[in-house]
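Worksheet: one structure, shown below.
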Amino acid sequence: MGNSLTCRLLCCAEREVADQQTKVEEYPVVRYPDVTPMKEKIVLEADKEPSQQQQQQQQQQQLKQQSEREEEEEEEEEEGEEEQAENGVITGLQQGNYFERELVELELIPDDGGRVAATKPPYTFKTGAVYEGQWVGNKRHGHGKMTWADGACYEGEWVENKAHGKGEFVHADGDKYIGQWHQNAARGVGTYIHKNQSTYRGQWEDDQQHGYGIEEWQEGAKYEGTFIHGKKDGVGVYFWSDGSRYAGEWRHNKIHGHGHYTGQDGREFRGTWVGSLMDGVGSYKWPDGRTYEGMYKNDKKDGFGIFKWSDGRRYEGFWRSGKQNGEGRYYVENGTSRLAMWKNGQRVEWLTDPYAPAQQ
């Protein structure tokens, strides 16, 4: 009679396994940040609230588009700066194209022999730009304000015709950078304010975010951590506007390395990531008590892992692409178990008889 009861329990367990497949396949709804490098302005995250399925689709599409954008940007960079200088395009915070426009005309201005910074009347260049401030000889030097014909403006310290020291650059569209400069490039500590009030506050080098910084979006998302050459790289924390957060390692603007993700509803993942996808060893906890500990690949359970239900049931075995695949043992609430062969989440055959732990 005991064996019959065990068989009935296992038969019920088989049906429950099939019923639970959709629950087992739930993965974290991680809306990865739009971490496209800040090539021109601070890039805003489209922080929406779609369904879980739409979120997963959007996530993959965003990652694909992000990769394509990065490839395009790399190709554009390889084309060189000559074309950019010709058409006056500003790449990232490289306002150098502005600062260098009037250099030829500046060389033609007679040197009055002055060796001490002195204020002169406003000077209008042939390009339409106007400089108001201090000069030393025929060089902008000291405090001054340069306004270009399109409305862009720099006001601050100059050293021998270069923005150098503290200053503020306002783009023609209203974006602005306030902070330290080194020979026409943002370097040191500074703040970039997008026209819609999204901001970056932190360290800069050669017109790129470099070092520690805080990036905040108007919608409420925020990143606090390290940057390397304009990209999130190192250790950082990203806060979504819905309350979700990720704390851990980054590489080239992607979640990469060891990290801890906490969802809005309390779900958690601790483990390794590759290219903003769960990959390697990890532990996942759902708000309803379910847990998974094991291997991941491309954001799905893959390899050996243990999945536990809150009522005491569990599966210990192998997975592929998020489904039970290979040998695996299924345990029911009382500890009775049976080893089986699985394929694509379905049991193919039993490999052992039911096994019940000894009663104490």
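Each value in this text was obtained by applying a stated rule to the coordinates, not by laboratory testing. Just so you know, these numbers come straight off a predicted model, no measurement behind them. Cβ coordinates were reconstructed from backbone atoms using ideal geometry, including for glycine residues, and neighbour counts include every protein chain displayed.
Residues whose amide H lies under 5 Å from that of VAL159, counting only those 5 or more places away or on a different chain, are GLY142, HIS164; hydrogens are built 1.01 Å from N in the peptide plane.
Annotation note: GluC sites (Glu not before Pro) in the range 170-263 located in DSSP loop regions with a Cβ neighbour count of at most 13 within 10 Å are absent.
On full extension, the segment bounded by ARG329 and ILE214 gains 36.7 nm, given 0.36 nm per residue less the C-alpha separation.
Model label points for MET341 and VAL116, set 7 angstrom from Cα along the Cα-to-Cβ axis, are 9.6 nm apart. Label 7 Å along Cα→Cβ of GLU105; the range 129-146 residues with amide nitrogen under 17 Å? Residues 129-135, 138-141, 145-146 qualify, since their backbone N sits under 17 Å from the label point.
Each residue of the range 132-143 is assigned a 3J(HN,Hα), and the resulting list reads 10, x, 8, 10, 10, x, 9, 10, 5, 7, x, 9 Hz, derived from the Karplus form 6.51 cos²θ - 1.76 cosθ + 1.60 (θ = phi - 60°), x at Gly and Pro. When you filter the GluC sites (Glu not before Pro) in the range 100-197 for DSSP loop state and at most 16 other Cβ atoms inside 10 Å of their Cβ, you are left with GLU100, GLU160.
The trypsin sites (Lys or Arg not before Pro) of the range 109-141 meeting both criteria, a DSSP state outside H, G, I, E and B (loop) and at most 12 other C-beta atoms within 10 angstrom of the site's C-beta, are ARG115, LYS126.
Each Cα pair under 8 Å and six or more residues apart adds its sequence gap; the mean of these over the residue count of the range 93-211 is a relative contact order of 16 percent.
The gain in end-to-end length when the THR291 to ILE178 segment is fully stretched comes to 35.9 nm, 0.36 nm per residue minus the alpha carbon separation.
Seen through its C-alpha gyration tensor, with square-root eigenvalues sorted a ≥ b ≥ c, the range 93-211 comes out prolate because a/c lies at 1.5 or above while a/b is bigger than b/c.
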